[in-house]
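Trainee: I have a structure here, written as structure tokens, and I will follow up with some questions on it.
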Amino acid sequence: MFVLALVLNPFERLSHFGDKAAVSQFTLHTILLETYHHVCSRPPKNSCSPDEQATYDKEKEKKERSISEAFFSYLAGKGAFADWEQNKAAFEHVNVSISSSDN
């Protein structure tokens, strides 16, 4: 979980992992999906017919695919994450200011 917290922090991302860490984007993806399964994947509350189970399984796969696509976009700095580097300083300024004033 700590590894994911570092990677999903946009100020850290992969900066703490050097070449000797032997951690690839695919290993991190596997950790993310395992964590997702542990935290979010639950069987349906009620027993269901085979058709309902098939629909449930397809929706679950669709969510996992969306998570995977978003994760790889995040790591690559594409899509919704494309302008992060340009806006990082402003985001940090606002959030550090808010955090400091809360104390």
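Trainee: Over the chain, what is the mean sequence separation of C-alpha contacts under 8 Å (at least six apart), divided by residue count, expressed as relative contact order in percent?
Mentor: About 20 percent, as a whole number.
Trainee: Output the 0 to 90 degree angle, nearest 10, between the alpha-carbon long axis of helix 50-76 and the longest principal axis computed from the alpha carbons of the chain.
Mentor: Once rounded, one gets 20 degrees.
Trainee: Which angle from 0 to 90°, rounded to the nearest 10, does the C-alpha axis of helix 25-40 make with the longest principal axis of the chain?
Mentor: Roughly 60 degrees, rounded to the nearest 10.
Trainee: With the crude spin-label approximation of a point 7 Å out along Cα→Cβ, what separation in nm comes out for Phe81 versus His29?
Mentor: Here the modelled spin labels are 1.2 nm apart.
Trainee: Shifting gears a bit: Pairing the Cα long axis of helix 84-102 with the longest principal axis of the chain, what angle in degrees results, from 0 to 90 and rounded to the nearest 10?
Mentor: 80
Trainee: Right, something else. Over the chain, what per residue volume does the convex hull of the Cα atoms give, in whole Å³? Before the final figure, lay out the partial values.
Mentor: Working: hull volume 15.5 nm³, N = 103.
Dividing the Cα hull volume of the chain by its residues yields 151 Å³.
Trainee: Report the percentage of all Cα-Cα pairs in the stretch 51-98 whose separation exceeds 16 Å, rounded to a whole percent.
Mentor: Distances greater than 16 Å cover 59 percent of the Cα pairs.
Laboratory data are not the source of any read-out in this text; all were calculated from the coordinates shown. Note that the structure is predicted; figures quoted are calculated from it, not measured. Here Cβ is always computed from backbone atoms with ideal geometry, including for glycine, and neighbour counts include all displayed protein chains.
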